[in-house]
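To keep things clear, I will list the structure first and then write my remarks on it.
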Amino acid sequence: MKTNINLQPYNSFGFDAVAKQFVEINAVSDLQTLIKSGALPRQKTLILSGGNNILFQNEVFDGLVIYINTKGIEIIKEGGNEVVVRAQAGEDWPDFVRFCVGKGWHGVENLAHIPGKVGAAPVQNIGAYGMELKDSFAQCEAMDLVTGETKVFTKEECRFGYRESVFKGELKGRYVITSVDFLLKKDAPLNLEYGNIKAYLEENGIPRPTLQQLHDVICTIRDAKLPDVKQIGSAGSFFKNPVIERAQFETLLKEYPTMPHYDEPNGKVKVPAGWLIEQAGWKGWRDEHVGVYDKQALVLVHYGGGKGQDIVQLAHRIQESVEEKFGIRISPEVNFV
Ligand code: EPU
């Protein structure tokens with residue numbers, strides 16, 4: 001257990017936040033020992049994974065940060081066209097995807113290059129380029145922070161939704177995911193449907209990409225649109241894409257005929273928050289410390305020297321101006337701590 005640790009290297013926004021107490025977990029048994037010691041209920045706790053989707057609002061975190069850094073990838077089952085792979089929670093997500101693609105296993109390739117760790121991926125059901133984590137998720141193991149017992153969560157029990165799961169909702173703060181099992185395929189059609197990918201492949205003369213080529217193309221597309229967190233602080237998409245009623249969508253479409261949109265299975269319509277924010281005039285806006293990324297308006301950025309509160313205030317201003325212009329309230333996908 002360490003005291004007064006600056007979490008600046010542990011959050012992709014790069015904000016200073018001092019944790020009163022900090023413990024790094026390198027083995028699942030360490031976590032169990034910590035829980036059984038009874039130390040947890042006495043204080044505020046925060047489970048920290050890659051820190052890529054977190055906003056520290058204050059300069060002090062007055063509690064215990066539990067940093068998950070367990071490693072290991074193993075094959076659990078292999079047969080026919082399928083392979084079940086288990087990754088420990090602290091494995092780096094982009095490395096895990098690269099490993100699977102290198103082995104020729106399909107199922108996570110479109111999620112290439114998303115910064116973060118394996119254990120955090122199910123919490124918000126990460127998604128990109130027409131694929132979501134839930135598509136290849138088999139099950140996960142999680143530890144109950146109250147009892148120290150391990151529980152297996154099936155896909156159904158995780159209640160995955162768009163950037164949602166039971167770990168972000170009803171069971172928030174109760175369980176720590178310790179490992180995730182993925183059901184991958186040795187042979188499967190590639191998912192090239194997402195607009196950007198097809199266009200890019202066509203322009204670059206790769207109409208029938210291999211798994212590895214698709215992976216690499218996605219990395220290139222992401223690099224062109226999203227900031228490198230080693231250089232500019234950010235947490236990827238800051239807001240979720242709002243889902244609105246069809247009637248409201250029809251009205252808006254009359255005024256904004258080029259508004260991009262995706263039909264949802266329930267008859268509602270999803271509208272890209274990045275487009276709404278750009279239309280409200282925010283794309284590329286910046287002050288000394290924070291701003292709205294000039295290549296993707298859904299990404300709020302920290303240029304350095306700022307505070308979490310600068311992003312909190314910017315986010316409120318953006319929410320208000322989008323609501324005023326479109327009558328749509330966008331909500332953050334980033335976790336505020
Ligand atoms: N758009 C604009 N202006 C912008 C940004 C986007 O007009 O500044 C328009 C685009 O032209 C396009 C539409 O909005 O028509 C969608 O944009 P894009 O394809 O870039 O995707 P997104 O909906 O903004 C989502 C995810 C990303 C993921 C991409 C690619 C959410 C909240 N975000 O963004 O995820 O990488 O799709 O699949 O769903 C993340 O969660 O951190 C993240 C980066």
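The values are calculated or read from the model by the stated rules, or taken from the named source; none is laboratory data. Note that the structure is predicted; figures quoted are calculated from it, not measured. Backbone-built Cβ (ideal geometry, glycine too); neighbour counts: all protein chains shown. The area values use the complete protein model at the heavy-atom level, side chains included, leaving out ligands, DNA and RNA. Shrake-Rupley method; radii C 1.70, N 1.55, O 1.52, S 1.80 Å.
General remarks:
- Apportionment of accessible area to carbon and sulfur, region 114-272, percent (1.4 Å): 50 percent
- A simple charge model with +1 on the Cβ of Lys and Arg, -1 on the Cβ of Asp and Glu and nothing else charged puts the dipole of the chain at about 400 debye relative to its Cα centre.
- For the pair region 299-323 / region 48-103, the C-alpha centres are spaced 28 Å from each other.
- Estimated FRET transfer efficiency when R0 is 22 angstrom, pair Ile76-Gln213 (beta carbons, to 0.05): 0.20
- Rounded to whole Hz, the Karplus (6.51, -1.76, 1.60) HN-Hα couplings of region 256-262, x for glycine and proline: 10, x, 9, 4, x, 7, 10
- Amide proton proximity set for Ile76, modelled H, under 5 Å, gap of 5+: Val84, Val85, Arg86
- Bridging of Lys295 to lysines at a Cα separation below 19 Å is possible for Lys225, Lys230, Lys240, Lys283, once same-chain residues fewer than 8 apart are set aside.
- Residues of the chain: accessible area per residue with a 1.4 Å probe, Å²: 47 Å²
- Shape call, the chain: gyration tensor on alpha carbons, a/c limit 1.5: oblate
- When each of Lys71/Lys186; Lys168/Lys325; Lys186/Lys268 is checked by Cα-Cα distance, pairs over 28 Å: Lys168/Lys325; Lys186/Lys268
- Long-range HN-HN contacts of Asp294 with modeled amide H, under 5 Å: Gly284
- Cα gyration tensor shape of region 162-306, rounded if a/c is under 1.5, else prolate or oblate by comparing a/b with b/c: rounded
- When you count the other C-beta atoms within 10 angstrom of each residue and take the mean per peptide, 286-294, 72-80, 248-256, 130-138 line up highest first as 130-138, 286-294, 248-256, 72-80.
- Given in Å, the Rg to one decimal and the Dmax to the nearest whole number for the Cα atoms of region 234-281 are 11.3, 34.
- Region 28-143: translational diffusion in µm²/s, Stokes-Einstein, Kirkwood Rh over Cα pairs, 10 °C, 1.306 mPa s: 100 µm²/s
- Computed 3J(HN,Hα) for region 29-37, one whole-Hz value per residue from the Karplus formula 6.51 cos²θ - 1.76 cosθ + 1.60 where θ = phi - 60°, is 5, 4, 5, 4, 4, 4, 5, 5, 6, glycine and proline marked x.
- Cut-off under 5 Å, modelled amide H: who pairs with Ala138 long-range: Asp181, Phe182, Leu183
- Here's the picture: a label point sits 7 Å out from the Cα of Asn4 along the beta-carbon direction, and within region 17-47 the residues with their amide nitrogen under 18 Å of it are 17-23.
- The chain: most fluctuating residue of Gly51, Gly107, Gly63 per GNM, C-alpha cutoff 10 Å: Gly63
- Dipole-positive endmost among Pro189, Phe99, Leu7 within the chain (Cβ charges, Cα centre): Leu7
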